[in-house]
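The values are calculated or read from the model by the stated rules, or taken from the named source; none is laboratory data. Here the structure is a predicted model, which means the values were calculated and not measured. Cβ sites come from the backbone with ideal geometry, for glycine too, and all protein chains shown count toward neighbours. For accessibility, only protein heavy atoms count, side chains too; no ligands or nucleic acids. Shrake-Rupley method; radii C 1.70, N 1.55, O 1.52, S 1.80 Å.
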Amino acid sequence: MSETANEGRLKVRREELLSAAATIFFEQGYAATRIDDIIERTGGSKRNIYSEFGNKEGLFAAIISEQASRALSALTIDNVAGQSLEEILLDFGHRLIDIYMSPALLGVYRIAITEFARFPELVRRFYALGPGRAAATLADVLEAAKARGDIRVDDCIMAGDHFVGMIRGNMHLHVMLGLREPPDARERRQFVASVVELFLNGMRFGEPART
């Protein structure tokens with residue numbers, strides 16, 4: 001087997017292990033999950049896991065980093081030439097809600113809440129690469145729209161944060177708490193369209209808030 005093929009096989013194996021381990025962590029929680037549980041589902045050996053990740057904590061850290069990287073890769077805004085701000089926001093909002101409602105991200109959020117004291121830096125990193133990055137990415141688009149005169153808003157960073165918060169909102173909280181199932185595609189489209197309409201109308205026609 002060539003070195004390149006072997007590297008590819010190891011990468012696939014690592015991704016399969018992280019995916020299976022993530023499912024177990026999300027099902028059982030960090031404290032209740034044992035390395036033996038992961039091996040039983042994925043095969044392999046403790047030696048291999050400890051060699052690559054160090055321990056259970058290292059494996060969990062790798063899962064959070066992996067999920068953060070996947071979220072980040074979907075939160076780019078490219079090829080906006082010729083698109084209206086409304087079209088950009090609709091596309092970004094659809095990708096954002098799909099990320100937030102994915103089983104993996106719901107699992108990360110649930111564990112982040114319960115394990116913040118154990119992994120404070122890891123949870124902060126996940127926020128910075130995921131939700132924090134989403135708001136910052138959108139702020140750049142809003143700054144450009146502001147410069148063109150399309151919107152009137154004092155603080156584009158705050159406005160981007162508001163948009164991300166509206167997309168996440170109570171629906172995400174209800175799903176995360178198990179109070180309802182994730183919305184289907186039709187409900188997501190309607191929800192994102194409503195958020196974009198409120199967001200744009202507030203900036204186009206509303207008076208700036210006075211402090």
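Tabulated data for the structure shown
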{"item": "Computed lengthening from Arg14 to Ile35, 0.36 nm per intervening residue step minus Cα-Cα distance", "result": "6.1 nm"}
{"item": "Total formal charge among the other residues, if their Cβ is under 11 angstrom from that of Tyr100, Lys/Arg +1 and Asp/Glu -1", "result": "+2"}
{"item": "Solvent exposure, largest accessible area first (probe 1.4 Å, DNA, RNA and ligands not counted), of His162, His94", "result": "His162, His94"}
{"item": "Student exercise, the stretch 127-195 dipole from Lys, Arg, Asp, Glu Cβ charges, in Debye to nearest 20", "result": "180"}
{"item": "With eigenvalues of the C-alpha gyration tensor scaled by 5 and rooted, the chain, Å", "result": "38, 19, 15"}
{"item": "Where Val175, Val141 fall by accessible area, highest first, once all protein chains stay in place (1.4 Å)", "result": "Val141, Val175"}
{"item": "Spin-label pair Gln190/Lys146, simplified geometry with 7 Å Cα→Cβ offset, distance in nm", "result": "3.4"}
{"item": "Extension gain (nm, one decimal) between Asn170 and Ala117, 0.36 nm per residue minus Cα-Cα", "result": "16.6 nm"}
{"item": "Rounded percent of accessible protein surface that carbon and sulfur make up, the chain, 1.4 Å probe", "result": "52"}
{"item": "Surrounding net charge for Phe119, when Lys and Arg each add one and Asp and Glu each subtract one, Cβ distance under 10 Å", "result": "0"}
{"item": "Dipole of the chain, positive direction: furthest Cα of Val108, Thr137, Ser69, with charges on the beta-carbon", "result": "Val108"}
{"item": "Net length gained if the chain between Met158 and Gln28 were fully extended (0.36 nm per residue, minus Cα distance)", "result": "43.2 nm"}
{"item": "Accessible area per residue in Å² at 1.4 Å probe, computed on the stretch 20-93", "result": "51"}
{"item": "14 Å beta-carbon shell around Asp78, net charge (K/R +1, D/E -1)", "result": "-2"}
{"item": "Span per principal axis, largest first, for the Cα atoms of the stretch 94-211 (Å)", "result": "44, 35, 25"}
